[in-house]
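*Asks:* This structure is in structure tokens; I'll ask about it shortly.
Read-outs: derived from the displayed coordinates by stated rules, not from any lab. Just so you know, these numbers come straight off a predicted model, no measurement behind them. All Cβ positions, even for glycine, are placed from backbone atoms using ideal geometry, and neighbour counts span all protein chains on display.
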Amino acid sequence: MVPALVEARRAKATTARAFVRVAAAIWLIQAWAQPSLAQSTTTVASDLAFPVGLAFLPNGDLVFSEKQGTVRIIEDGVLRAQPLAVIPTVSASETGLLDVAVPHDVQGDPAVYAFATEPNGLTNTVWRVPLDGSGPMRIIEDLPAGTYHNGGGLAFGADGDLYVTNGEQHETDRAQDPEALGGKVYRYEADGSVPADNPFGEVPTYALGLRNPFGIAIDPLSGDIWVTENGPSGDDEVNRIVAQGNYGWPEVVGSGCDEECIDPVLSYGSTIVPTGIAFPASDAPRRLEDVFFFAAYGEATVHQVTLNDARTEAVADDILLRSKEPVIGLEWGPGGLYLSTPSSIKKIAFRKNSSDQPESRIDPRPSLSPPIGDDEAEREAAGRPWGLLILGILIGGLIAMRVRLNEQTRKDLAGDDPS
Ligand SMILES: [Ca+2]
């Protein structure tokens, strides 16, 4: 074989190898540029004094409580030095300033609602805290309090009413008596009055048979109420709350209810201390639409629970985050899932992927402002253009290499021409 032809074949083999390398490089770049399922955790605020409850205003500002009595706000991503309000309280064990909630019609009712134990430690109060900084007002008083089984969750339901969790303070008889306060989920109007159509008549009781319910969240698609419940030495639960529902305590712990009570959706044999609970909002990746999250203080985790189509049962229960510190509050906010630890507020950001293309079925919140500290989203947005640029350079290089090789082959063949 003439040397020029050997050279030409070698050149073609080199081109083929270059093709394989470039194809591999393209695959790697695409894999890198494609947003993955992975998420990252960033710190939103640190050096805080035991933040408990988290709630977002429609503009994306974050209102949160510190257990010893301060209601604080992160405004345009910056922690305001002065608290929005100082609530008189006591913070021994499970008492203190606990959850906060923002009403749906916050334009018409510009306030945040807060659950706090009175300084004497004997009762709990729900406060209305105006956003303009004027003085907070007590709207619900004389809920039983205790250093243990205190409860303290607040959420506005799909009906606009205010739902409150309250433990039984070791007085177990309270839990099964609809007329007694304690061991309940209550339902109130936003002004603190008892709605005329409450399930047990003229009492705030909405559901009973609970020991120490803490976190409360509303499913944005079904409107269902979900509550975390702390059981005795294990039997921690997550319950889907229905009107007039009896959740077993103290007769039944964990599963084992007959027609008399309702089994938990999730229960745990060990003491995980379930705390905050939250559903994603409309800006969440579509793949999260069928999940909710709950935190476990004792386990220092955040669980990601996948619901069935009816959104009534769990089909999967995964650990989303193993934290170095206990996790207390949980709330979906701009760009991700926010959580509180004893000293900080953090955000878990989720990357969107190709399966997240369909539009969310969750109604968007009115006018969300730019996300707080959303460096992750920026990085994600930047990922694709960079990947495409590098891909372009590689393809350009490949074309140049081919042109050069073809040129060389043609020259070699011409030089070896016997004619
Ligand atoms: Ca139960």
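*Asks:* Modelling each spin label as a point 7 Å along the Cα-to-Cβ direction, I'd like the S282/R9 distance in nm, to one decimal.
*Replies:* 6.7 nm
*Asks:* Here is a further query. I want to verify the translational diffusion coefficient of the stretch 39-373 in µm²/s; compute it with Stokes-Einstein, Rh as the Kirkwood radius over Cα pairs, at 37 °C and 0.692 mPa s.
*Replies:* In µm²/s, the coefficient is 168.
*Asks:* Moving on. For the stretch 135-195, take the convex hull of the Cα atoms, compute a quarter of its surface area, and give me that in nm², please. Write out the running numbers ahead of the final one.
*Replies:* Details: hull surface 18.9 nm².
Averaging across all directions leaves 4.7 nm² for the Cα convex hull.
*Asks:* Taking neighbour counts of Cβ atoms within 10 Å as a proxy for exposure, in what order, fewest first, do T306, T205, T301 appear?
*Replies:* T306, T301, T205
*Asks:* Using 1/(1 + (r/R0)^6) with R0 = 41 angstrom and r between the beta carbons of I399 and D159, what's the FRET efficiency to the nearest 0.05?
*Replies:* Working from the Cβ atoms, E equals 0.05.
*Asks:* Here is a follow-up. Rounded to the nearest 0.05, what FRET efficiency do D363 and Q68 have when you use their Cβ-Cβ distance and R0 = 25 Å?
*Replies:* Values: r = 36 Å, r/R0 = 1.43.
Calculated transfer efficiency: 0.10.
*Asks:* Return D283, D99 ranked ascending by Cβ neighbour count within 10 Å, so the fewest neighbours appear first. The partial results should precede the final answer.
*Replies:* Working: D283 17, D99 29.
Least crowded to most crowded, the residues run D283, D99.
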